[in-house]
Amino acid sequence: MRLAHCTWLEVETYLRHADGILIPIGSTEQHGPNGLVGTDTICPELIAENVGKRLDLMVAPAIAYGMSQHHMGFPGTISLRPTTLIKLVIDIVRSLHVHGFRNFFFLNGHGGNIAPVTSAFGELHATLPSSGMRFLLCNWWLLPEVKAWVNKQYGEDEGMHATISEVSLTQYAIPHTAKHYPCTPERAPTGPIHDASDFRRRFPDGRIGSAPQRANADDGKKICELAVSAVCRQYLEFIKTS
Ligand code: NI
């Protein structure tokens, strides 16, 4: 059930028997020579849409911008400052809370969002104590089922940024956008991340440690199925303990 495709009456009806919502959050940032700028948003959106259908759960519009400062050396990247992202999450949650939502499950596609989103949860607990709100931040690429399959399938080629798994998911989600540009070297270098210009110097094509030319839509379908089952399980556990 997508919030954006409901009428307010349908949302009111939903809230008579449920108070949970799934909120996909990603980024708009470079993902190497053949990864889409929208990768980090497309992946959690795809998983969330399928979880929503399976559990009859409300899915909020995706937050398509994240904290991507270190990717600003590459055109197309749009970054929020950490404080902006914290305020954005707070305002979204506060709005939904007014209407009766209490269980907020954030499905995240971007590592740079973890600290600001977790800080937003802390702010919400501090400013709205006893509100009955509960939060969970789930990073899809760290789901045990997904990690195990990806490790077995790709080993070190998976990498840290512009990974095979995320590019595969986008190729499954939107097949006509799949790109097949060459990547040299085959597996990108790894190393620390500092500021945007240092990032571009160390990782000139935008990848970190990955070989995304191995990405394909069939693997994306498999990863999506694993992630959807795992998120459904996590969500039901989250609700059960409320
Ligand atoms: Ni990504």
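The values are calculated or read from the model by the stated rules, or taken from the named source; none is laboratory data. Worth saying up front: this structure is predicted, and the values here are computed from it rather than measured. Note: ideal-geometry Cβ built from the backbone for every residue, glycine included; neighbour counts use all protein chains shown. Remember, those area values only see protein heavy atoms, side chains included, never the ligands or the DNA or RNA. Shrake-Rupley method; radii C 1.70, N 1.55, O 1.52, S 1.80 Å.
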Order 224-232, 80-88 from most to least packed using the mean count of other Cβ atoms within 10 Å.
224-232, 80-88
Estimated distance in nm for a label pair at residue 118 and residue 151, the labels positioned 7 Å out from Cα along Cα-to-Cβ
2.1 nm
Starting from the residue with the highest accessible area, list 169, 15 in decreasing order, probe 1.4 Å.
15, 169
Throw me the Rg/Rh for region 1-105, computed over C-alpha atoms with Kirkwood Rh, two decimals.
1.03
Region 3-240 - percent of accessible surface contributed by carbon and sulfur, probe 1.4 Å:
56 percent
Above 16 Å lies some portion of the pair distances; for region 67-185, what is it as a whole percent of all C-alpha pairs?
70 percent
Sequence-separation-based contact order of region 158-227, relative, with Cα cut under 8 Å and 6+ spacing, percent
54 percent
Probe 1.4 Å, all chains present, heavy atoms only: residue 25 accessible area in Å², nearest 10, is 0 Å²
Looking only at Cα atoms, what is the convex hull volume of the chain per residue, in Å³?
120 Å³
How many Å² of accessible area per residue for the chain, probe 1.4 Å?
47 Å²
Which percent, nearest 5, of DSSP beta bridges in region 29-157 are antiparallel?
10 percent
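Around residue 173, what is the net charge, scoring Lys/Arg as +1 and Asp/Glu as -1 over all other residues with Cβ under 11 Å from its Cβ?
-2
Past the 20 Å Cα-Cα mark, which pairs from 53/152; 53/222; 53/147; 53/221; 53/87; 87/147?
Listed pairs above 20 Å: 53/152; 53/147; 53/87; 87/147.
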Additional length obtainable on full extension of the chain from residue 195 to residue 56, 0.36 nm per residue less Cα span
45.8 nm
In order through region 139-151: 3J(HN,Hα) via Karplus (6.51 cos²θ - 1.76 cosθ + 1.60), integer Hz, x for Gly, Pro:
9, 4, 6, 9, 4, x, 5, 5, 4, 4, 5, 5, 4
Between helix 164-173 and the chain: long-axis angle, C-alpha atoms, 0 to 90°, nearest 10
60 degrees
